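Working notes, beginning with the structure itself.
FYI, it's all coordinate maths here, none of it is from the lab. As the structure is a prediction and not an experimental result, all values here were calculated from the model. Virtual Cβ from ideal backbone geometry, glycine too; neighbours counted across all protein chains shown.
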DNA sequence: AATCAGAGTATGTCCTAACAAACGGACATG
DNA sequence: CATGTCCGTTTGTTAGGACATACTCTGATT
């Protein structure tokens with residue numbers, strides 16, 4: 001007998017049904033109720049058991065496949081992925097990541113200015129000549145240890161930003177509070193060695209390895225809201241992600 | 001008048017209708033027919049124009065939203081993203097990436113062995129004690145310039161691999177020919193400085209920056225097929241990707 | 001005994017049909 | 001003039017059905 005997935009679906013909840021199923025199966029996998037490698041019942045039976053239509057059930061499983069927790073094969077069935085799957089890279093700020101992990105990051109604002117955008121910034125954010133942006137550099141520490149040196153440019157026609165705010169909140173959190181709905185970001189990850197400016201701030205040696213990230217984020221109205229250039233200590237930070245076929 | 005998206009849909013083609021739409025819209029965006037920032041007609045009208053049902057049209061647009069070419073907003077509509085969106089990180093090998101970009105990579109096989117898997121490899125590939133794997137290290141050059149130093153472990157119960165094959169084909173191409181259908185991979189990207197072994201092979205100095213990537217790939221039967229540890233010259237390689245909300 | 005064909009099963013694609021919810025602008029009201 | 005309400009538009013969610021296709025296993029044929 002297959003695993004009985006005793007999910008409870010609340011049809012009066014504002015949470016979409018398919019998402020309730022996603023959460024239920026995720027929980028079942030993380031608690032070990034659904035073992036890695038085990039096969040799920042077929043879509044139609046599962047849908048019937050939960051009194052859902054097949055498209056709804058399938059949409060839920062689609063999400064789980066995309067997030068890498070399940071693999072499907074036509075004519076065969078759907079399995080829980082046997083490996084420990086890490087959460088795919090998400091559109092979140094480092095601050096969010098760290099607080100989610102239970103750490104307590106602190107932020108030092110090194111510079112802060114409200115200035116006219118220079119040419120590269122105007123291009124990255126699609127701004128007209130003369131447009132102004134917030135420009136600031138921050139140093140993020142976790143447990144007193146420096147982790148990241150971040151330089152950002154944010155368009156100023158969205159929400160007010162000041163130095164005090166940046167000390168207590170992540171940039172993305174501030175922007176979200178300001179009504180920005182992020183939709184996507186393009187980023188590039190590479191490596192450099194620490195220079196004489198970066199090394200002392202990150203409390204490492206010039207010549208040590210740093211992970212670099214350049215990112216530009218777009219909101220739901222298609223505006224390029226923010227662009228940044230971050231460097232992380234190579235000995236304490238790396239990017240984990242799950243790539244899914246198709 | 002909105003952009004007339006004169007897509008042609010071939011209902012006798014084996015290519016799914018929704019995918020034909022995806023390709024058509026992608027092409028329209030890349031050729032500039034659909035300008036960045038422009039609004040698409042609504043889903044229902046577009047579907048009607050192509051004689052498709054709304055779910056099919058919507059599935060196509062879902063994919064485009066996921067790949068970062070479009071952004072949607074309820075009550076408003078769907079827009080072409082204004083920024084140049086890079087192709088999201090895909091489940092492909094470096095060799096594929098380079099050949100797609102028109103470069104002509106060459107591969108040197110530095111070591112090749114068919115050996116018993118050690119403990120970390122057994123764990124990464126979920127193998128039993130005593131299981132054997134192919135283990136090899138390769139140096140990849142583009143235009144005569146070294147780019148990547150790659151060390152891989154591949155389970156041996158899938159397809160035969162030999163040194164000559166590795167010289168002429170990418171690993172993923174070999175495995176796909178062997179019947180492997182990759183579904184997902186988890187990877188981690190970081191930074192180190194080149195050591196005395198890596199530097200001469202990559203024709204760089206010890207102490208220069210390298211991008212590191214560790215990856216484990218899973219196929220459609222849930223098997224962990226391959227795991228590898230690659231290093232790239234930091235001055236000539238970086239990972240680009242698009243992150244999409246939700 | 002080995003190979004091939006077919007049945008059964010599960011996912012993949014596609015359709016019609018509704019209703020819900022969020023957004024933006026127009027209009028009415030204080 | 002400012003504010004709140006309503007309404008049309010557009011995407012979001014859900015249902016139920018039908019057929020296609022790929023895979024596995026089993027039984028029949030050579």
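General remarks:
- Neighbouring Cβ atoms from other chains, within 10 Å of the Cβ of residues in A:235-242, number 5 on average.
- Here the contact order of chain B, divided by its residue count and restricted to Cα pairs under 8 Å and six or more residues apart, works out to 16 percent.
- When the stretch B:17-80 is reduced to its Cα atoms, the Kirkwood hydrodynamic radius in Å: 11.6 Å
- Förster radius 35 Å - calculated FRET efficiency between residue A:203 and residue B:132, Cβ distance, rounded to 0.05: 0.20
- Axis of helix A:17-30 versus longest Cα principal axis of chain A: the two differ by about 90°, to the nearest ten degrees.
- Over all orientations, chain B has a Cα convex hull whose mean projected area works out to 16.3 square nanometres.
- Fully extending the segment from residue A:240 to residue A:67 would add 61.0 nm, taking 0.36 nm per residue of separation and subtracting the current Cα-Cα distance.
- Ellipticity at 222 nm from helices only: DSSP H runs of n ≥ 4 in chain A, each -39500 (n - 2.57), divided by the residue count, give -7000 deg cm²/dmol.
- Partner chain coverage, peptide B:213-220 - average Cβ within 10 angstrom: 4
- For residues of A:161-169, the mean tally of beta carbons on other chains within 10 Å: 0
- Mean separation of Cα contacts under 8 Å (6+ apart) over length of the stretch A:90-234, as relative contact order %: 24 percent
- Cα-based radius of gyration for the stretch A:107-159, normalised by 2.2 N^0.38 Å, reads 1.32.
- Rounded to the nearest 10 degrees, the angle from helix B:54-66 to the longest Cα principal axis of chain B is 40 degrees.
- Mean projected area (nm²) of the alpha-carbon convex hull when the stretch A:164-223 is viewed from all directions: 5.5 nm²
- For the peptides A:45-56, B:7-18, the ranking by packing is A:45-56, B:7-18, with the highest mean count of neighbouring Cβ atoms within 10 Å listed first.
- FRET E, pair residue A:167, residue B:53, Förster distance 51 Å, beta-carbon r, rounded to 0.05: 0.45
- Viscosity 1.567 mPa s, 4 °C: Kirkwood-radius Stokes-Einstein D of the protein assembly as shown over Cα pairs, µm²/s: 52 µm²/s
- Our analysis of the stretch B:202-246 gives Rg over Rh at 1.13, with the two radii drawn from alpha carbon positions and Rh computed by the Kirkwood formula.
- Most fluctuating residue given options A:174, A:115, A:44, as computed from a GNM of chain A linking Cα atoms under 10 Å: A:44
- Calculated diffusion of the stretch A:94-233, Stokes-Einstein form, Kirkwood radius summed over Cα pairs, 4 °C and 1.567 mPa s, µm²/s: 83 µm²/s
- Contact order relative to length of the stretch B:17-80, as percent, for alpha carbon pairs under 8 angstrom and 6 or more apart: 42 percent
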